[in-house]
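Where a number appears in this text, it was derived from the coordinates with a stated rule and is not lab data. Treat the numbers as computed from the prediction; the structure is a model and nothing was measured. Virtual Cβ from ideal backbone geometry, glycine too; neighbours counted across all protein chains shown.
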Amino acid sequence: MNFEKEITVLLSSNNFIIYIETKEEERLEFILKKISKKVFRKKIYSWNFIDGYNNSPNYTENGEKNPLRALEIVSRNQNNNIKIFFLKEFYQFINDLSINRKLKNTYEILKKQNQYIIINGIDKTIPNTLKEYITCIKLPLPNKKEIKQEVERFINSSNSKYHNLKEYICNAYTGCTINKIRKSISELIIHDLSETKISEHITKEKEKFIEQEEILKFSYNNKYMIDIGGLINLKSWLKIRQPAFKKIANVYGIKKPRGIILVGIQGTGKSLSAKAISMEWNLPLLKLDISKGFAGILGESESRIKKIIEICESISPCILWIDEIDKIFTQNININDSGTTTRVTNIFLTWLSEKNKNVFVIATANNINNLPVEMLRKGRFDEIFFVDLPNLKERIKIFKIHLKKIRPLTWYKYNIYYLSKISKKFSGAEIEQSIIEGMYKGFYNKREFNTQDIATSIKEMIPLAKSEEQKILKLREWGYSGKIKIA
């Protein structure tokens with residue numbers, strides 16, 4: 001059911017006070033005017049605490065800017081031509097005792113007169129004493145039809161060269177508010193951007209919009225492909241599932257991929273894999289910022305996890321990358337967190353099971369022993385992969401990848417096979433660091449670094465597999481136990 005139908009049903013079902021959560025006040029007012037004209041053939045009467053009523057239903061009243069007086073005017077009004085009173089940002093006042101009581105009294109009058117109050121706000125702050133009287137809903141982000149109307153209006157009015165790109169531009173603006181679309185498309189037309197620059201422009205606008213929330217980091221860069229050594233099984237699994245994001249997959253009846261968990265030793269390419277999948281699949285990558293995902297205020301963490309889900313779904317198809325998921329969702333509950341971890345975990349688990357949007361979740365973990373068992377069952381994630389230390393063949397490829405980056409013309413002069421042989425039990429990150437250390441040695445001696453410089457660095461380094469030998473052995477035993485797939 002779309003939003004207009006939802007409001008129409010509510011107005012026909014004895015919901016006399018409706019609270020609508022949204023940041024798009026102008027868009028909401030436009031929709032309400034449209035509904036009122038269609039259903040009641042009447043105008044709506046808007047109020048705010050600075051200007052009072054617009055098209056005032058009572059021209060002689062004084063003090064109508066006062067919220068209590070605003071309700072008084074509603075309760076005294078006998079004008080049958082008025083059906084909807086739109087009280088802008090009235091949620092700011094409903095915790096006041098007198099306003100609270102007056103709303104209850106006004107509710108009874110609205111029932112008799114078949115009139116309605118609609119309130120808008122940016123969050124749900126309805127006191128318990130009013131929950132019986134107020135119906136709460138949320139204004140979703142613009143749908144495809146609304147976006148298309150905005151895009152066509154701008155493009156048609158400017159005689160723009162972008163007529164043939166309307167469909168592409170509409171899809172690119174999915175997840176943006178109407179105001180964001182208007183500002184962005186105005187800049188697009190004013191700067192007369194080329195076809196190749198349009199995607200970059202819209203992506204930057206989305207990045208600003210998402211990072212304003214300070215919960216997710218936006219990444220969308222398909223200029224440079226990321227090459228990862230090894231992980232053959234993971235690559236094969238991903239290759240088979242990539243076409244499932246296309247429209248034809250719906251016709252076939254195939255379910256959209258839900259996500260994967262990558263578990264393994266630090267530095268083995270788990271995080272790099274998330275970036276590589278985003279680039280290979282050409283989907284925006286949203287990274288959950290752990291440090292900002294949870295707050296100390298009671299109820300704030302739950303609100304933030306819901307916001308994360310809302311943002312991801314609004315710009316789908318996309319990839320949500322949760323790095324070190326074992327630090328966020330844990331079965332070892334902290335007794336001092338007032339149940340916050342449990343509530344946040346339950347919200348996330350429910351979403352994983354029920355989500356129907358194209359949001360592919362990539363979760364990385366160094367250990368999943370602390371993760372709730374419910375999170376690991378099939379249906380939440382498609383698969384769990386163990387990412388092990390690279391073998392000889394994989395180490396050869398990793399050395400080649402990193403050397404090609406820094407010495408694209410002379411990489412073959414290094415004895416890669418020898419370096420790979422002596423770097424047993426090194427992770428991909430440790431291999432990269434050994435090359436960097438070798439470069440420092442060569443630069444310090446004012447010459448080009450060579451194979452021996454890297455070999456010396458390898459011999460001097462103590463890899464994690466040695467410094468945390470028992471822990472790594474235990475993790476590898478679990479990885480090869482047959483309980484999960486090898487990446």
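Data for the structure
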{"quantity": "Segment N66-I436, extension gain: residue separation times 0.36 nm, minus the distance between their alpha carbons", "calculated": "126.5 nm"}
{"quantity": "Fraction of the pair-distance distribution of the stretch 3-138 above 26 Å, Cα-Cα pairs, percent", "calculated": "12 percent"}
{"quantity": "Cα-based shape type of the stretch 100-147, given that a ≥ b ≥ c are square roots of the gyration tensor eigenvalues and the cut on a/c is 1.5", "calculated": "oblate"}
{"quantity": "On Cα atoms only, tilt of 392-406 relative to the major axis of the chain in degrees", "calculated": "70 degrees"}
{"quantity": "Prolate/oblate/rounded call for the stretch 355-397, Cα gyration tensor, a/c under 1.5 rounded", "calculated": "oblate"}
{"quantity": "Helical mean residue ellipticity (222 nm; -39500 (n - 2.57) per DSSP H run of 4+; nearest 500) of the chain", "calculated": "-14500 deg cm²/dmol"}
{"quantity": "Reach of K204 by Cα under 14 Å, taken over aspartates and glutamates that are not fewer than 8 positions away in the same chain", "calculated": "E187"}
{"quantity": "0 to 90° range, to nearest 10: angle between helix 451-460 axis and the chain longest Cα axis", "calculated": "70 degrees"}
{"quantity": "DSSP beta bridge pairing in the chain, given as percent antiparallel to the nearest 5", "calculated": "15 percent"}
{"quantity": "Cα→Cβ-extended label distance, 7 Å offset, between Q470 and K34, nm", "calculated": "6.6 nm"}
{"quantity": "Diffusion coefficient, µm² s⁻¹, Stokes-Einstein with Kirkwood Rh over alpha-carbon pairs of the stretch 392-467 at 25 °C and 0.890 mPa s", "calculated": "201 µm²/s"}
{"quantity": "Residues S301, S273, S75 arranged by fewest to most Cβ contacts within 10 Å", "calculated": "S75, S301, S273"}
{"quantity": "q = 0.13 Å⁻¹, the stretch 232-387: log10 I(q)/I(0) [Debye, one scatterer per Cα]", "calculated": "-0.60"}
{"quantity": "Over 24 Å (Cα to Cα) - which of K208/K235; K131/K217; K23/K208 fall in this group", "calculated": "K208/K235; K131/K217"}
{"quantity": "Fraction of beta bridges assigned by DSSP in the stretch 3-138 that are antiparallel (%, nearest 5)", "calculated": "15 percent"}
{"quantity": "Cα long-axis angle, helix 67-76 against the chain (0 to 90 degrees, to the nearest 10)", "calculated": "50 degrees"}
{"quantity": "Candidate lysines for bridging to K246, where Cα separation is under 17 Å - those fewer than 8 sequence places away on the same chain excluded", "calculated": "K255, K256, K357"}
{"quantity": "Of K42/K112; K43/K111; K393/K459; K138/K327; K104/K144, pairs whose Cα-Cα distance is over 29 Å", "calculated": "K138/K327; K104/K144"}
